[in-house]
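The values are calculated or read from the model by the stated rules, or taken from the named source; none is laboratory data. Everything quoted here is computed from the prediction, not taken from an experiment. Using ideal geometry, Cβ is built from the backbone for each residue, glycine included, and neighbour counts are taken over all protein chains shown. Quick note on the areas: whole protein, heavy atoms, side chains included, nothing else; ligands and nucleic acids left out. Shrake-Rupley method; radii C 1.70, N 1.55, O 1.52, S 1.80 Å.
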Amino acid sequence: MLNTAEQEAWDFLSKAPHYVEPEQVEAHFGRALAAFGYDRFCATLINAEQLGREPPTLSRRDFDEWDARYWGARHVVHDPCIKLLQKSGRPFAWSDAKPLGDNRARAMWGEAAEFGMNDGYVVRVFGPAGHEVLIRMATGAPQTDPTARAVIESLATVFGTIMLKHWELQDDNPDYGVISERQAQCLFWASRGKTDWEIGAILTLSPRTVHHHIEAAKKRLGVVKRQEAVMKAGELGLLAKMG
């Protein structure tokens, strides 16, 4: 029989994929984590080139002050968690990383404790189109329950996957005019001769998502070819807004 925390986790795993709004996913994820003692979380978009720089945030709860301190003090330079991230894609607890740090890292952990974070768990979620999402969860408890790691990993994986999907499809509604702002951005760079891969690098999107936006724009503009979409969007003055 499932205990209360496990029931909350199962409830999230079964309902989260069906939520329409990302806020619903965030709220339920927060409740599920709280059942295991985690009171804050942060989901950020990363890749191998960005491990040393502050990444785009997909979702954050009560991590703002610590992240401001972390990046402001350049703790990333001596954070042993970075070593584990570079070494493996496997989840880990802060307690796994602490023995790998030096005096500067120990000072960092001391500062984290002052922010009410004594231990945490980190899960790396790999998206289908090359994106990676880093889920950081923290607790004021001195140590996390190792027996709950598999469940926490499942929660974070589902949460990260869903939030990545919402992020990739953001601005996909026609509130920019005939086409969405994201579609106009993709067509603007397509008009400059950029490939889907190059546009994705500029806009921090996957090439597949860029293709999705351009295909959607073609349908809304009533054209068949990519160049026709670029020309019609230009005639309507939609690309001038991007310049």
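Any residue in region 30-48 that is among the small types (Gly, Ala, Ser), closer than 23 Å to Leu205 by Cα and out of contact with any helix residue (DSSP H, G or I) (no Cβ under 9 Å at 6 or more places or on another chain)?
Start the filter on region 30-48 by keeping residues that are among the small types (Gly, Ala, Ser), which leaves 30, 32, 34-35, 37, 43, 48.
Going one step further and asking which of them are closer than 23 Å to Leu205 by Cα, we end up with 43, 48.
After this cut, where a residue has to be out of contact with any helix residue (DSSP H, G or I) (no Cβ under 9 Å at 6 or more places or on another chain) as well, the list is none.
No, because not a single residue in region 30-48 is among the small types (Gly, Ala, Ser), closer than 23 Å to Leu205 by Cα and out of contact with any helix residue (DSSP H, G or I) (no Cβ under 9 Å at 6 or more places or on another chain).
For Lys165, all conditions in the list (1) modelled with pLDDT of 90 or more; (2) in a helix (DSSP H, G or I) hold save one; what is the number of the exception?
Looking at each condition in turn, Lys165 falls short on (1).
His28 passes all but one of (1) open to solvent by 70 Å² or more (accessible area, probe 1.4 Å); (2) more than 15 Å from the chain's Cα centre (by Cα); which number fails?
(1)
Can you name the residue in region 199-226 that is open to solvent by less than 10 Å² (accessible area, probe 1.4 Å) and under 14 Å from Val178 (Cα atoms) and, of all such residues, is farthest from the chain's Cα centre (by Cα)?
The extreme case among them is Leu221.
Can you tell which of Arg74, Arg69, Arg53 is at pLDDT below 90 and either of a type in the set (Phe, Trp, Tyr) or over 22 Å from Ile162 (Cβ atoms) (or both)? Let's see the steps before the verdict.
Values: Arg74 fails: at pLDDT below 90; Arg69 fails: at pLDDT below 90.
The unique qualifying residue is Arg53.
Please find, within region 53-84, the residue that is most open to solvent (accessible area, probe 1.4 Å) out of those that are among the acidic types (Asp, Glu) and in a helix (DSSP H, G or I).
Glu65
Considering only residues that are in contact (Cβ under 8 Å) with a residue 60 or more places away in the chain and within 13 Å of Val151 (Cα to Cα), which ones fall in region 1-31?
Once the filter is applied, which keeps residues that are in contact (Cβ under 8 Å) with a residue 60 or more places away in the chain and within 13 Å of Val151 (Cα to Cα), region 1-31 yields Ala5, Glu6, Ala9, Phe12, Leu13, Phe29.
Quick one: count up the residues across region 85-97 that are in contact with a Lys or Arg (Cβ under 8 Å, 6 or more places away or on another chain) and either farther than 24 Å from Val151 by Cβ or part of a helix (DSSP H, G or I) (or both).
2
I'm trying to understand the selection: among the residues of region 182-198, which are charged (D, E, K, R), in contact with a helix residue (DSSP H, G or I) (Cβ under 8 Å, 6 or more places away or on another chain) and surrounded by fewer than 22 Cβ atoms within 10 Å (Cβ to Cβ)? Walk me through how you get there before you give the answer.
Residues of region 182-198 that are charged (D, E, K, R), as a first pass: 182, 192, 194, 196, 198.
With in contact with a helix residue (DSSP H, G or I) (Cβ under 8 Å, 6 or more places away or on another chain) added as a condition, the list becomes 182, 194, 196, 198.
Scanning region 182-198 gives Lys194, Asp196, Glu198.
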